[in-house]
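The values are calculated or read from the model by the stated rules, or taken from the named source; none is laboratory data. In this text, all values refer to a predicted model and were calculated from it rather than measured experimentally. Neighbour counts run over all protein chains shown; Cβ positions are idealised from the backbone, glycine included. When the accessible area is computed, the model is the full protein with side chains, heavy atoms only, and any ligands, DNA or RNA have been set aside. Shrake-Rupley method; radii C 1.70, N 1.55, O 1.52, S 1.80 Å.
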Amino acid sequence: MEARAYIGAPIRRVEDRRFVTGRGRYTDDIVLPGMLYAWIVRSPHAHARIRAIRTEKARQHPGVVAVFTGKDMLDDGVGSLPTGWQIGPDMKEPPHYALAVDKVRYVGDGVAVVIAETKAAARDAAELVEVDYEELPAVVDAAEALKEGAPLVHDEAPGNLCYVWELGDREATDRALATAHHVTKLEFVNQRLIPNAIEPRSAIGHYDPGRDELTLYTSSQNPHLIRLLLSAFVLKIPEHKVRVISPDVGGGFGSKIFHYPEEVICAWSSRKLGRPVKWTAVRSESFVSDAHGRDHITTAEMGFDRDGRIVGLRVRTIANLGAYLSTFAPGVPTWLYGTLLAGQYKTPHIHVEVKGVFTNTTPVDAYRGAGRPEATYVVERLVDLAAHEMGLDPAELRRRNFIQPDEFPYQTPVVLQYDSGNYEGALNKALEMADYWKLREEQKRAREQGRLIGIGLSCYIEACGLAPSKVAGAIGVRAGLYESAAIRVLPTGKVQVFTGTHSHGQGHETTFAQIVAHELGIPLEDVEVIHGDTAEIPFGMGTYGSRSLATGGSAIYRALEKVKAKARKIAAHKLEVAEEDLEFRNGQFIVKGTDRAISFGDIALTAYVPHDYPEGLEPGLEENAFYDPANFTFPFGAHLSVVEVDPETGRVKLLRYVAVDDVGRIINPMIVEGQIHGGVAQGVGQALLEGAIYDRSSGQLLTGSLLDYALPRADDLPSFEVGHQETPCPHNPLGAKGAGEAGTIAATACVVNAVVDALYHLGVRDIRMPLTPERVWRAMRGLPTDGHAS
Amino acid sequence: MIPQTFEYKKAQTIDEALALLREHGDEAKVLAGGHSLIPLMKLRLSTPELLIDIGGIQELSEIREQDGRIELGALVTHRTIEFSELLKQKCPVLPEAAAQIGDPQVRNKGTIGGSLAHADPAADYPAVVLALDAEIEATGPDGRRTIPVRDFFQGLFTTALRPGELLTRVRVPVMPPRSGAAYLKFPNPASRYAVVGVAAFVKLAPDDTCAEVRIGITGAAAAAFRATEAEKRLVGKTIDDRTLTAALEDMVDPDDLLSDLAATAEYRAHLCHVLTRRALRQAFERAHG
């Protein structure tokens, strides 16, 4: 019988049955005997000195077990939350305590925790905690924070400057721009976003005094990293005495990568009280306490020669890091951003300078795409605008600059070496799917009738599959970025797969099982994928940066090779032939040219019941692998959108969205398509709807709930038209590159380009995101689009 | 999302509800569908000591036609209005507006009485009931009284209801022959409340000019209002580009309008103009049948 070809099959996600029937098990679903509930008292001020905290009344409230402050934790030796990425030797790393000690630095900064028998009691008593604040002037805008005399967020960081980082050849770039035939310049804001995973963050600290062991349940994307940071750096307890479990996690988009104060608070207080302590955010708490994304102020100039070839790109960015350094914050607007500024183009000279700045706002860190959407926005807005300015078709200008398929590996002027690509192929496919030239005709006709149609393109590249550990080390990541896997074949031939990655919506339980079932020639139902529990899985780095398949999947593949190699030894023994006389096909080892065979199931049983077994071979069939990638992977694609702008109200309607992505070899096209859909929706969200707004004087988050912060919904979006191109990654065994962020990286620039395309003839060059109806209306009238709230 | 502790009492009749209101006064809040009140309580922006649940008062859940009017009990849900055959035939603008409120869950629970009494400046019904020149029935310790809807909305979350009174019914006219109405909403992309919502009512004279025009606007100001100046300018006119441009010029003063995250007053004024023009055109077309 022919075993099923699982790789490449659009199989429905096996995890969805439990999710859609409400049987998922999220952290907040877990109820432990004797469990207590924590409520965190948060600062209502953006910047204030804490004069005193009076907790007596709260302690006396019925049901309250304890009230702790930052000082209690500090006195007990609890350390600061560490930063996992160092940018240059002079980077300022002010302490970040789980609860503020002397000063609060953003609205939502924790000052005390109330722990009670019920959540309601904790909530009620939280109102009885009296904090005596001395309010200080606050600064929320990163450019303002750099100005002379701006309020100082940390004494350790004069001028609020965390670091200045640059990459590329400054002089060569300046020269190229000075002598360019045409220079397109844009000054813009890549606005702050609030991630809004559907499951709010949650944590349970569970200390077992009998075994002196601490278990932390947490809605995290990387349990091993949390265990390492929590044990070795913050609580300073032995790593092996800590177990971190991330059960089902309802979305993260990056915001659940980081080590958060609430994890420390629950873990530490459970040790103090000897009882489990749970905290779950309410949505309005998520808005102020989940790490935000983006928040760049950028000036960028792209120079062209007479033929429209790019001669240089200069980028100056001020990146708002928020009040404290979140776990990977420093690296996002630097290495994950500056290295992508070549895009898909042969840009001979690039220079980028980034200033990382502290402000009195929620910390900013990686959010879906993390640096790469910002870089794509810079490059694709500039290229598109340049085409308009030079009177060239935007597709044609891109064509003139693409790196050609025969030019790989291609060394960019900003570190990365692209391994493979066919950029023009993806663009051509997108143009064909959209019927581009006909669209241009329709646009022209519509304009004659007073209708404003716009067509936008976005040709993106990303660096995924994080990451070669050696490179990670060289760019300041304080961790390796390999991935781990273990394959445990059970005596009955069923297989358990242990992965160091973490699925929080990506469908790993299906994709990874497909790889294993395909390679071993066994049914998909015989494979179970296990992730998220440090007591079960090998030390892995978790899921972010579209790394899971390229690195985690490759680790699984490597472990499978070991399993097959050992199985071959057993098969050769059983069939009494040499190993090289065997071929493995359809779940069987077959003696070449005969019908003699032994099934994988029989080999598994033999491995565990080794009565008749090769001399010297260890029993059992269980292998693990650590896979450290040779390079990043470089997914790319071309997206096209069509919008219509209401000339009276400025409202933008997205009419069509065409996405052609090359994510390498596809294991499950249905899951990839779902990832593209979700990613595009979020990218469109940034372009048209989303944006965190802080009050400039008080530092209050004005978009602090879903009443004011607009997330994209189904009726904001058209039905997406998705196409694929498959250029396998040449350096990992699966040929996979990663698909999780592609849509988000491409879509924002794509939609803004379309709106500007619709309005360019009215004199509109740029509109500040999100492109709200009012902003578009103002732009059409030549009024400024920033300087007012929406 | 845990509200402050509160008492809960369920009233079975209007009299029971009034008695509870009398007894507890300011400490009490009336609970109908709960879709405005409960979120405020969860955020602790509203902290009543007692909730008087009127949801079980059967007589307030009915829609009936009487004397050329349609009477809606305060507890009629948005969904019931959205799908009411009677209203679709006799006053279709009300279902048209109801269908634009919130989402299906909100429409299943939220009530017209609750919405009107809450008087959120961005709610949808106020524009419609103003354009329909509806009546509000309030019941208090001294019995029932009728409040013309043009006197009802007095400010931000403020109505003509007196302390101790309950909004019990709403009466809207059956659409007369050769009349039409439309409700258009420019939704806030986040909350889907109206940034501006305009309801227009037009009744035609035999010569196809406007005999009666009413324009109700919500979302734009602290309270929903009628654009009376524009209405007057249109009476005796047909609806076309020229008359609309003349009639709607300066129809609202931006100084009277809200400025917030969703829109500046200047943009709201512009939206009032655009939506009124569009709503009047639709109403006019519908009046023609």
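Considering every residue within the stretch A:343-353, establish whether at least one is in the same structural domain as A:Leu640 (by TED's automatic domain parsing) and in contact with an Asp or Glu (Cβ under 6 Å, 6 or more places away or on another chain).
no
Of all residues in the stretch A:630-653, count the ones that are open to solvent by 10 Å² or more (accessible area, probe 1.4 Å) and more than 14 Å from every other protein chain (Cβ to nearest Cβ).
Qualifying residue count for the region: 4.
Across the stretch A:546-586, what is the number of residues that are open to solvent by less than 10 Å² (accessible area, probe 1.4 Å) and not in a helix (DSSP H, G or I)?
2
Per-residue answers, yes or no, for (1) closer than 20 Å to A:Pro635 by Cβ; (2) touching a strand residue (DSSP E or B) at 6+ places or on another chain (Cβ under 8 Å); (3) free of Cβ contacts under 8 Å to residues at least 24 places away in the same chain:
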| position | (1), (2), (3) |
| --- | --- |
| A:Arg372 | yes, yes, no |
| A:Val379 | yes, yes, no |
| A:Met390 | no, yes, no |
| A:Pro405 | yes, no, yes |
| A:Pro413 | no, yes, no |
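Taking A:Val65 and the conditions (1) among the β-branched types (Val, Ile, Thr); (2) closer than 30 Å to A:Glu353 by Cβ; (3) surrounded by fewer than 21 Cβ atoms within 10 Å (Cβ to Cβ), which numbered condition does it fall short on, given that it satisfies the others?
Failed condition: (2).
If you go through the stretch B:39-53 one residue at a time, how many are within 14 Å of another protein chain (Cβ to nearest Cβ) and either touching a residue at least 60 places away in the same chain (Cβ under 8 Å) or within 24 Å of the chain's Cα centre (by Cα) (or both)?
Qualifying residue count, the stretch B:39-53: 4.
Enumerate the pairs (first residue in the stretch A:43-67 and basic (Lys, Arg); second residue anywhere and crowded, with 22+ Cβ neighbours inside 10 Å and in a strand (DSSP E or B)) with beta-carbon separation below 8 Å, excluding pairs fewer than 6 apart on the same chain, so at least 6 apart or on different chains.
A:Arg59/A:Val67
Report those strands (runs of 3 or more DSSP E) wholly inside the stretch A:26-124 carrying at least 3 residues which are at negative phi and within 14 Å of another protein chain (Cβ to nearest Cβ).
A:36-42
Being more than 20 Å from A:Gly545 (Cβ to Cβ), touching a His at 6+ places or on another chain (Cβ under 9 Å) and hydrophobic (A, V, I, L, M, F, W, C) is true for just one of A:Val752, A:Val756. Which residue is that?
A:Val756
Mind listing just one residue for me: the one in the stretch B:3-37 that is within 14 Å of chain A (Cβ to nearest Cβ) and surrounded by fewer than 19 Cβ atoms within 10 Å (Cβ to Cβ) and, of those, farthest from A:Ala125 (Cα to Cα)?
B:Phe6
Inspect the stretch A:319-328 for any residue being within 30 Å of A:Ser698 (Cβ to Cβ), of a type in the set (Gly, Ala, Ser) and outside any strand (DSSP E or B) and give the result as yes or no.
Within the stretch A:319-328, one or more residues are within 30 Å of A:Ser698 (Cβ to Cβ), of a type in the set (Gly, Ala, Ser) and outside any strand (DSSP E or B).
Taking A:Met769 and the conditions (1) among the hydrophobic types (A, V, I, L, M, F, W, C); (2) within 22 Å of A:Lys653 (Cβ to Cβ); (3) outside any helix (DSSP H, G or I); (4) more than 14 Å from chain B (Cβ to nearest Cβ), which numbered condition does it fall short on, given that it satisfies the others?
(4)
Could you list, in sequence order, all residues of the stretch A:459-478 that are of a type in the set (Val, Ile, Thr) and open to solvent by 20 Å² or more (accessible area, probe 1.4 Å)?
A:Val471, A:Ile475
Would you check which residues across the stretch B:256-269 are in contact with a helix residue (DSSP H, G or I) (Cβ under 7 Å, 6 or more places away or on another chain) and open to solvent by 40 Å² or more (accessible area, probe 1.4 Å) and list them?
B:Leu258, B:Ser259, B:Glu266
Based on this model, can you work out whether A:Ile237 counts as touching a residue at least 12 places away in the same chain (Cβ under 8 Å), over 19 Å from A:His292 (Cα atoms) and open to solvent by less than 10 Å² (accessible area, probe 1.4 Å)?
So A:Ile237 does not fit the description; no.
Take A:Tyr694 and decide whether it is within 30 Å of A:Val153 (Cα to Cα), within 13 Å of chain B (Cβ to nearest Cβ), of a type in the set (Phe, Trp, Tyr) and within 22 Å of the chain's Cα centre (by Cα).
Considered against the rule, which asks whether it is within 30 Å of A:Val153 (Cα to Cα), within 13 Å of chain B (Cβ to nearest Cβ), of a type in the set (Phe, Trp, Tyr) and within 22 Å of the chain's Cα centre (by Cα), A:Tyr694 comes out as no.
Of all residues in the stretch A:88-108, count the ones that are within 21 Å of A:Ser698 (Cα to Cα) and among the acidic types (Asp, Glu).
Of the residues in the stretch A:88-108, 1 are within 21 Å of A:Ser698 (Cα to Cα) and among the acidic types (Asp, Glu).
Surrounded by 23 or more Cβ atoms within 10 Å (Cβ to Cβ) and away from every other protein chain (no Cβ under 14 Å): is that true of A:Ala749 in this structure?
yes
Scan A:Gly691, A:Gly699, A:Gly704, A:Gly740 and give me the residue that is open to solvent by less than 30 Å² (accessible area, probe 1.4 Å), at pLDDT below 95 and assigned to a loop (DSSP other than H, G, I, E, B).
Among A:Gly691, A:Gly699, A:Gly704, A:Gly740, only A:Gly740 is open to solvent by less than 30 Å² (accessible area, probe 1.4 Å), at pLDDT below 95 and assigned to a loop (DSSP other than H, G, I, E, B).
For the stretch A:474-485: of the residues being in contact with a Lys or Arg (Cβ under 9 Å, 6 or more places away or on another chain) and part of a strand (DSSP E or B), which is nearest to A:Gly421 (Cα to Cα)?
A:Glu483
Of everything in the stretch A:285-315, what is outside any strand (DSSP E or B) and under 25 Å from the mean Cα position of the chain (by Cα)? Give them in sequence order.
A:Glu285, A:Ser286, A:Phe287, A:Val288, A:Ser289, A:Asp290, A:Ala291
Tally the residues that are away from chain B (no Cβ under 11 Å) and touching a strand residue (DSSP E or B) at 6+ places or on another chain (Cβ under 7 Å), restricting the search to the stretch A:702-731.
Number of matching residues: 12.
In the set A:Thr327, A:Thr376, A:Thr339, A:Thr359, which member is more than 17 Å from A:Asp90 (Cα to Cα) and surrounded by fewer than 24 Cβ atoms within 10 Å (Cβ to Cβ)?
Of the residues listed, the single one that is more than 17 Å from A:Asp90 (Cα to Cα) and surrounded by fewer than 24 Cβ atoms within 10 Å (Cβ to Cβ) is A:Thr339.
Taking the options A:Arg713, A:Arg656, name whichever one is closer than 16 Å to A:Ala638 by Cα and open to solvent by 60 Å² or more (accessible area, probe 1.4 Å).
From the options A:Arg713, A:Arg656, the qualifying one is A:Arg656.
How many residues, within the stretch B:134-152, are open to solvent by 20 Å² or more (accessible area, probe 1.4 Å) and in contact with a Ser or Thr (Cβ under 6 Å, 6 or more places away or on another chain)?
Result for the stretch B:134-152: 1.
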